[in-house]
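Report on the structure given below.
The values are calculated or read from the model by the stated rules, or taken from the named source; none is laboratory data. Note that the coordinates shown come from a computational prediction; the quantities given were computed from them, not determined experimentally. Note: ideal-geometry Cβ built from the backbone for every residue, glycine included; neighbour counts use all protein chains shown. For the accessible areas, the whole protein counts, side chains as well, though only heavy atoms, and no ligand, DNA or RNA atoms are used. Shrake-Rupley method; radii C 1.70, N 1.55, O 1.52, S 1.80 Å.
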There are 4 protein chains.
Amino acid sequence: MHLAAMVVKASIIGATGYAGAELVRLLNAHPQVELVGLTTQSYAGKAFWEVYPHLYGYVDLVCEEQDLPALVERSDVIFTALPHGHAMAVAREVVGRGKALVDLGADFRLHDPAVYQEWYKVEHTAAELLPQAVYGLPEIHRGKIRSARLVANPGCYPTSVILALAPLLKEGLIDTGSIIIDSKSGVSGAGRGLSLNTHYCEVNESIKAYGVAAHRHTPEIEQELSALAGREVLVSFTPHLTPMIRGILSTIYARLAGQKSTEEILALYREFYREEKFIRVLPAGMLPVTKMVAGSNHCDIGLVVDRRTGRVVIISAIDNLIKGAAGQAVQNMNIMFGLAEDTGLYGPGVYP
Amino acid sequence: MHLAAMVVKASIIGATGYAGAELVRLLNAHPQVELVGLTTQSYAGKAFWEVYPHLYGYVDLVCEEQDLPALVERSDVIFTALPHGHAMAVAREVVGRGKALVDLGADFRLHDPAVYQEWYKVEHTAAELLPQAVYGLPEIHRGKIRSARLVANPGCYPTSVILALAPLLKEGLIDTGSIIIDSKSGVSGAGRGLSLNTHYCEVNESIKAYGVAAHRHTPEIEQELSALAGREVLVSFTPHLTPMIRGILSTIYARLAGQKSTEEILALYREFYREEKFIRVLPAGMLPVTKMVAGSNHCDIGLVVDRRTGRVVIISAIDNLIKGAAGQAVQNMNIMFGLAEDTGLYGPGVYP
Amino acid sequence: MHLAAMVVKASIIGATGYAGAELVRLLNAHPQVELVGLTTQSYAGKAFWEVYPHLYGYVDLVCEEQDLPALVERSDVIFTALPHGHAMAVAREVVGRGKALVDLGADFRLHDPAVYQEWYKVEHTAAELLPQAVYGLPEIHRGKIRSARLVANPGCYPTSVILALAPLLKEGLIDTGSIIIDSKSGVSGAGRGLSLNTHYCEVNESIKAYGVAAHRHTPEIEQELSALAGREVLVSFTPHLTPMIRGILSTIYARLAGQKSTEEILALYREFYREEKFIRVLPAGMLPVTKMVAGSNHCDIGLVVDRRTGRVVIISAIDNLIKGAAGQAVQNMNIMFGLAEDTGLYGPGVYP
Amino acid sequence: MHLAAMVVKASIIGATGYAGAELVRLLNAHPQVELVGLTTQSYAGKAFWEVYPHLYGYVDLVCEEQDLPALVERSDVIFTALPHGHAMAVAREVVGRGKALVDLGADFRLHDPAVYQEWYKVEHTAAELLPQAVYGLPEIHRGKIRSARLVANPGCYPTSVILALAPLLKEGLIDTGSIIIDSKSGVSGAGRGLSLNTHYCEVNESIKAYGVAAHRHTPEIEQELSALAGREVLVSFTPHLTPMIRGILSTIYARLAGQKSTEEILALYREFYREEKFIRVLPAGMLPVTKMVAGSNHCDIGLVVDRRTGRVVIISAIDNLIKGAAGQAVQNMNIMFGLAEDTGLYGPGVYP
């Protein structure tokens, strides 16, 4: 009753990218959130609905230039949806003033600033905050998120991968040196920025791999898989740009340490995710399809054991902008503020 | 307070087509509806989520074969989403038992059974019910819907067209002999049935007209436009199959009876739809885009006066499965049962 | 015999846009053309296949910065694929040196420089060349093209519209005040430049109108239709951005001056285009589909007479980058140099 | 000179599927082929252009019911594009009459009839022909194809996989137990038949895996890889249905047996495919993209060595209907009849 009446004042820095816009939509519909500020570099002074007309009639806020101290002052929680390197200064300000931060970027996901610098090619200028940053994958780190002030919202690919592998690694059922991750992402993962990589005529009717053996989500995946396995895990990870707007499908291959059937491993997954509202372990014979999770905060997981080769193939599907970004950020906020975890997130997507 | 507690028991006949599945999704999330039955010809005995896995974990109902008397008995309202000709017998049963019917098909849209037979090439076997059937376009016929037991939910194209032209016709501002309607629909309008017309490789990367001068929505459009104009209106109507899943964009041309500016006509539209929650009259300079309404119950309307030719071009956009089908059906149900009209329908769509 | 041995030396200015790249592909495969120069603003110094890897192994030319006099010197024909306003200076140089120019832009399409300035908002600085510029629609102006040195290649929309209406206007069979043109274009018509209008996530799964009552192809269409009709023709023209890469479908409405059947008008079209290799007048009951012409230099035309409204609906389909740009430019070159008109252009497109 | 005058009389059995229609297009444009017969089950009596209107004006043949002896009699070569199990009887007839057969189906790809029966679940009723059947991958088996009468055209996936792995296996550079193949195919690979798997609304905006650990192309891949490696090879192969019409991208992972750099392995590939006209080994830093080969008979190959994990990632792209079906079939016919191998096949695809 008390909680029901609670209203969290939220602001978004970098609100006009796709993840930001999804945050606006979700937070605007959230029964216990009041949106109090939207900042953007490119559209300051414009009504948000001019930038995203689907919200015409729903969101009246005007995009602001960033006045960080004032914004933090009037907010309980700040969401940052910025290119890497830009959340560090914000984090210092937010944490310094005792407010909460959910960073949708990469700046606080890697515990080791040296690894960050190696993969992101910029110095980490707020390394002193890393020890208190919590990797915001609720199904794995819920306890820590609850008391965190600084949550690093996971990358879209890592979300789809870590959730798909956690039960197997936790139980030690696979050869940790054998993991191959082949992921396929919709174009919205590349953001609303302009580039030939998002030009309709270049992207439609085509699929390609990119960032082979070099994608920045690799160390993030390895950090979390290593923690789950209790030993260092290196993976081969190849993302692909797929001609669709939303969705990530990860197809993951690993050699089984012993003999298990599809049904046995599925049973383990169902048990592992028993209490989880957003993880759907599919029945045997049914495999994830990105369209089945689009518009929702779900992660669907299915798998097949291949006795011929001794491998298990695990497949997961998420909506990259929701469970892979804005939805998970709201889920983290709900946990941080003691709200029901699915508030504002419950429900299937729109199909077809 | 009393209404808040009300629960409407609803059933769907023909639940496994796309309009039916959207009804399931909307009614399942509707706070004052309990879904009590789903019938289907093809999937009887299967769990509904096996047919539509996006609803896995949300809808537990099993598809039933149709036992009409029993179904009607336990329902307050029946929705029919059937090919034309199949709702007549159902209607007789539902109305006979004093329950409410919202028919998403064509059987009760045309007041004149002779016109129905001419365009649909089948006899109307429930013509005695036509006088009590109300054309369920709430923005035009809300009063009659309130007391109706039998509502004929409008076709998707007619919804987009009638809403776009109503203010001009009502005010007598256009030459009623000059109306040209060029509509573009997504593929979901063709249903989930299998045909070369819905085969991905035939439809994608292509656009075509169909049913030129012969589409069955023509008499429905003409009936309603004539009623608004107070005189017989004939139109040229050309639908196009567009490579997208959802959405109808109607581009409508008419000769202005006198001189009016874009702003003057927009002012008239804003006034005409002042109280409407689902009609968004866009500011001058902004035009409807189907993606901006996808996933919502909105109809967006914009227009431009072309002084060079003396014509006005009105453009409307809807989601064909929501405002053009399932959403409007729920809106009608809300009105019939005295619920707030936007219950279960409020909110923007998911973008992009 | 003599002609068979002829080799035309061709250069392209602005080769790295989509129309330019199609020119490269077509001219590279043309048995009587040698490509001798490709200029571009953005990619100078790069091999052309680095910009367009589908040509890897076929085209070895390197993109050059523009050195106009030298380029013209070594070329027999220059193709310009530039934004409007940029072909004027080139034309003066090319014509001055007695070489041939095919301009794919808008600078020489409108006979009246005042109309050009009104619609394009820039001054025409080579107006003295307009009298010798020929509007390069071969099916209408073949004779003049044969002896022209300066050919203005038609716009993509005008090509689809003029070919669709020519027989009716020439025969005086329609009310020239009643013409409504509703066109749907693929995204490649917007070019390879970066803009939210070509961003995959903004464009896919959506259709919208643009340039309503204001598109720059309007005066071009009106100029040519007026010439065909022998009287001034004003039209309503609305282009739409359609989620596909290639293709334009134009749906055109006009009131018939007298009573004619679909078959009678189709017979007239077949007669009018009897000798044309790239115009396919479809049999009654068959209507153009953009996918059926994609990858080819065809213009398919079909039509339906609507007796109820006294209108005829004509539908045409082209590939906007071929018959609407590069293919037609090659067709014009073939005519100018006395080659068989379909050299390098013969053949259907790739389907599906 | 003699060869240039040769005309091969060709027939297609099963001409109205997508592979068949591509064969019609390619053979119709082939300078040394005369198409003499098209048979089909569903469209007998219809002109072929009524079934595929893009060929209107190009192909006048009428679809025939199958009269096998007469068809074989008047043909030099027969192409079969049929579901598995249906080419056996045809093969016996064709071979018995001393004519040539290129079978685009699976019936003669596997040398061992027991393996065929295990994976295809039907008996092989023409096992006596298997010893003379040649697996028609020209880049690997050109010598045998030259003298073959019965060529089994490879599956689309196997083509993309075998070509991508051949140099590494031949040189013994990878651990043959470590091969993981993750393939993504366009929807045309599923054929023109009707199914929810090809319904636009189900397929568009979505990606999914299918046939995990069970796809019938697995034994075909393993047979050929084993032959190349000189030892038994088992692979994990997962195909995915991708929202595009054409194209297969195969992403292949294998553990390197020793240390090699990307450049070293690329050099090996360039040497291996030095004389090949349809294999493009891309420069380091450039990776295959399906759109870059669409509409062509190319197989593009690129690769990256990942020193961190000791794996090589090889990526190949083909057009599934051309190099993966009809184009390769024509390539085989060219070889069998002593024509230049790229006759009728030379050229890049249409882009974008």
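What to note about this one:
- Within-13-Å neighbourhood charge of residue A:197 [Cβ basis; K, R +1; D, E -1]: +3
- The protein assembly as shown - charge dipole about Cα centre, Lys and Arg +1 at Cβ, Asp and Glu -1, debye rounded to 20: 0
- Antiparallel bridge percentage (DSSP; both residues within the protein assembly as shown; nearest 5): 50
- Cα gyration tensor shape of the stretch B:128-180, rounded if a/c is under 1.5, else prolate or oblate by comparing a/b with b/c: prolate
- Label points for residue B:193 are taken 7 Å from Cα along Cα→Cβ. From this copy to the others they lie 2.2, 4.6, 4.9 nm apart, shortest first.
- Centre separation in Å (Cα based) which lies between the stretch D:230-279 and the stretch B:81-117: 60
- In the stretch A:81-189, GluC sites (Glu not before Pro) in a DSSP loop with at most 12 other beta-carbon atoms within 10 Å: A:123
- Here the stretch C:274-352 is assigned +1 on the Cβ of each Lys and Arg and -1 on the Cβ of each Asp and Glu. Its dipole about the Cα centre then comes out at about 380 debye.
- Closest approach of a chain D beta carbon to the axis mapping chain D onto chain A (residue, whole Å): D:182, 2.
- Solvent-free Debye scattering, log10 I(q)/I(0), computed from the Cα coordinates of the stretch A:150-207 at q = 0.21, 0.25, 0.26 Å⁻¹: -0.91, -1.06, -1.10
- Average other protein chain Cβ within 10 Å of Cβ, residues B:93-100: 0
- Sum of side-chain charges, residue A:44 neighbourhood, beta-carbon under 13 Å (Lys, Arg +1; Asp, Glu -1): -3
- Helical runs assigned H by DSSP (4 residues or longer) give chain A a calculated mean residue ellipticity at 222 nm of -8500 deg cm²/dmol, each run adding -39500 (n - 2.57) before division by the residue total.
- Once the Cα gyration tensor of the stretch A:52-209 is diagonalised, semi-axes √(5λ) in Å: 28, 25, 16
- Shielding value for D:44-53 is 2, the average number of Cβ atoms from other chains within 10 Å of each residue's Cβ.
- Overall form of the stretch C:249-293 per C-alpha gyration tensor (a/c, 1.5; a/b vs b/c): oblate
- When the convex hull of its Cα atoms is viewed from all sides, the stretch B:165-264 shows a mean projected area of 7.4 nm².
- Hypothetical label at residue A:120: residues of the stretch A:205-222 whose amide nitrogen lies under 17 Å (7 Å Cα-Cβ projection): A:215-222
- Binning the alpha carbon pair distances of the stretch C:258-347 at 5 angstrom intervals from zero yields the distribution 3, 14, 21, 20, 17, 11, 8, 4, 2, 0, expressed in whole percent.
- Peptide A:245-258 - average C-beta neighbours from other chains (10 Å radius): 4
- Along its principal axes, the protein assembly as shown has C-alpha extents of 93, 81, 65 angstrom, given from the largest down.
- Packing, as the average of other Cβ atoms within 10 Å across residues, places the peptides B:248-254, D:252-258 in the order B:248-254, D:252-258, highest first.
- Of the GluC sites (Glu not before Pro) in the stretch C:1-71, those whose Cβ has at most 14 other Cβ within 10 Å and which sit in DSSP loop: C:65
- Pairwise Cα distances in the stretch A:195-311 exceed 16 Å for 73 percent of all pairs.
- Sorted shortest first, the distances from the residue B:118 label point to those of the same residue in the other copies are 4.4, 6.8, 7.9 nm; each point sits 7 Å from Cα along Cα-to-Cβ.
- Overall, the accessible surface of the stretch A:157-320 at a probe of 1.4 angstrom is composed of carbon and sulfur to the extent of 49 percent.
- Kirkwood hydrodynamic radius over Cα pairs of the stretch A:1-111, then Stokes diffusion coefficient at 37 °C and 0.692 mPa s, in µm²/s: 231
- Where N is the number of residues in chain D, Cα Rg divided by 2.2 N^0.38 Å: 0.97
- DSSP bridge orientation in the stretch A:157-320 - percent antiparallel, rounded to nearest 5: 75
- Taking every DSSP bridge with both residues inside chain A, close to 45 percent are antiparallel.
- Hydrodynamic radius of the stretch D:215-278 per Kirkwood, over alpha carbon pairs, in Å: 14.7
- Per DSSP, loop trypsin sites (Lys or Arg not before Pro) in the stretch D:39-143 with at most 13 further Cβ within 10 Å: D:46, D:74, D:97, D:121
- Take every pair of alpha-carbon atoms less than 8 Å apart whose residues are at least six positions apart; their mean separation over the length of the stretch A:219-295 yields a relative contact order of 30 percent.
- Length-normalised contact order for the stretch C:157-318 - Cα pairs under 8 Å, 6+ apart - percent: 30
- Of all the options A:190, A:326, A:81, the one that moves most in a Gaussian network model of chain A with Cα springs shorter than 10 angstrom is A:190.
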